[in-house]
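The values are calculated or read from the model by the stated rules, or taken from the named source; none is laboratory data. No experiment lies behind these values; they were computed from the predicted model shown. Here the Cβ is made from the backbone with ideal geometry for all residues, glycine too, and neighbour counts use every protein chain on show.
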Amino acid sequence: MINDRRYWIGFNKVKGIGPAKVRALLDHFGDLDSAWIAPRDELAAAGLDRRAIDSLETARAGLDLGRIADELDKAGVTALCWDDAEYPRRLREIDNPPPLIYLRGELAASDEWAVAIVGTRRATAYGKEAARELASAIASAGVTVVSGLARGVDAAAHVAAVEAGGRTIAVLGSGLDNLYPPEHAALAERISANGVLISDYPLGTPPEAANFPPRNRIISGLSLGVIVVEAGDDSGALITAEFAMEQGREVFAVPGNIFNRSSRGPNRLIQQGAKIALSAEDVLEELNLKMAAQHAEARAQLPLLESADDTERKLLAQLSAEPLHADELSVLTSLPIAAVSSALAMMELKGMARQVGGMMYVTARETRAEYKIE
């Protein structure tokens, strides 16, 4: 398939053409290059409505895609689309992931092990301290901290992760050249130096209120779990928690004073079944991330075959590109389900296996290549 990034960037700037329509165009035309120059009747045949076609024709007449690509280069911004191997795997797995994301900074393999920390912009001293304590410990454990660069809880989490020497990802609700809030420009620079800023909005997009709820699905999509520190009844952090639940991510909440309005959101989440986060240890243990840093180091230094123990070897012999449930693997390997579940968690950390939902597992792409598994 042809993958000219300019056309992905072009469609990203067309109002009314989101992930579902991009997928329809790819299914119909095979690539976005052909879709960009297609006549109206072909675009309609691909599933675009009149309004989307009108928007596309306006964009085609007014956009210089080459100039836009040059502007990204000059701004130090990278664009990744679905077809790119570097596109974040966990984000790719959610329903309707953004077809194109813009990055300032660099993604790392360890960013697959990430936890989001979110909360109100009007955080109390308690909320900020809780965010700092959690983020510092999580980052120190080798797990990436994801948040939204907003005032309050988000900023506290980013700063603590940076100061702990860990990685952090900030997801914006604007173009990467329109940082919001503006007073966090220096923090954004610190993040991009050893982490990454991400947005699915093109350069020049202002930080409009309508942009922030959709960007929250990216925060949760990049993460294994989401921690809500403080959140009022209408906080965007609760939207992030809702996305996390829809995406099959774990949701944690920091309990708070029942008389404080900022604690209503997390307290209600706990009431509804969210896991209580009293410490980073609670989160790391629940997500099987306590040994993330050690396993990342082992993965970097050892071939997969050498780092596999006997249980992992038995599971690898059964795993393929076809999903198998953990219970089936227990039967096939004659291993206790507890041993299978524990080994699969370690194999995910090592990049040997991947959960595709509902305790169904497949081999990771790189493992299939090393073991020549079809």
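Determine if segment 216-230 includes at least one residue that is outside any helix (DSSP H, G or I), surrounded by fewer than 19 Cβ atoms within 10 Å (Cβ to Cβ) and in contact (Cβ under 8 Å) with a residue 24 or more places away in the chain.
No, segment 216-230 contains no residue that is outside any helix (DSSP H, G or I), surrounded by fewer than 19 Cβ atoms within 10 Å (Cβ to Cβ) and in contact (Cβ under 8 Å) with a residue 24 or more places away in the chain.
How many of the residues in segment 237-267 are buried (at least 17 other Cβ atoms within 10 Å of the Cβ), of a type in the set (A, V, I, L, M, F, W, C) and not in a helix (DSSP H, G or I)?
4
So R121 passes all but one of these: (1) crowded, with 23+ Cβ neighbours inside 10 Å; (2) closer than 22 Å to R261 by Cα. Which condition number does it fail?
Against the list (1) crowded, with 23+ Cβ neighbours inside 10 Å; (2) closer than 22 Å to R261 by Cα, R121 comes up short only on (1).
Kindly state which helices (runs of 4 or more DSSP H) lie completely within segment 1-115 and contain at least 1 residues that are closer than 30 Å to A139 by Cβ and in contact (Cβ under 8 Å) with a residue 24 or more places away in the chain. If you could, list the steps in order and put the result at the bottom.
Details: elements: 5-12, 19-29, 32-36, 40-45, 50-62, 65-74, 89-92.
Hits in segment 1-115: 65-74, 89-92.
Assuming N96 fulfils every condition listed in (1) within 19 Å of the chain's Cα centre (by Cα); (2) polar (S, T, N, Q); (3) crowded, with 19+ Cβ neighbours inside 10 Å apart from one, which condition is it?
Failing condition for N96: (3).
Please work out which one of (1) crowded, with 24+ Cβ neighbours inside 10 Å; (2) farther than 24 Å from N12 by Cα is the condition L172 fails and give its number.
(2)
Inspect all residues belonging to segment 127-148 and state whether any of them is small (G, A, S) and free of Cβ contacts under 8 Å to residues at least 24 places away in the same chain.
Within segment 127-148, none of the residues are small (G, A, S) and free of Cβ contacts under 8 Å to residues at least 24 places away in the same chain.
Need the failing condition index for D233 against (1) charged (D, E, K, R); (2) touching a strand residue (DSSP E or B) at 6+ places or on another chain (Cβ under 6 Å); (3) not in a helix (DSSP H, G or I), just the number.
(2)
Residue under question is F212, and the condition is that it be modelled with pLDDT under 95, in a loop (DSSP other than H, G, I, E, B) and farther than 21 Å from L287 by Cβ; does it hold?
No: the conditions fail for F212.
Starting from residues that are of a type in the set (S, T, N, Q) and in contact (Cβ under 8 Å) with a residue 24 or more places away in the chain, keep the ones in segment 237-293 and report whichever is farthest from L349 (Cα to Cα). Write out each step before concluding.
Initially, segment 237-293 is screened for residues of a type in the set (S, T, N, Q), giving 240, 247, 257, 260, 262-263, 267, 271-272, 279, 288.
Add one more test, that the residue is in contact (Cβ under 8 Å) with a residue 24 or more places away in the chain, and what stays is 240, 247, 257, 260, 262-263, 279, 288.
Working: T240: 24, Q247: 19, N257: 36, N260: 38, S262: 35, S263: 33, S279: 21, N288: 9 Å.
My answer is N260.
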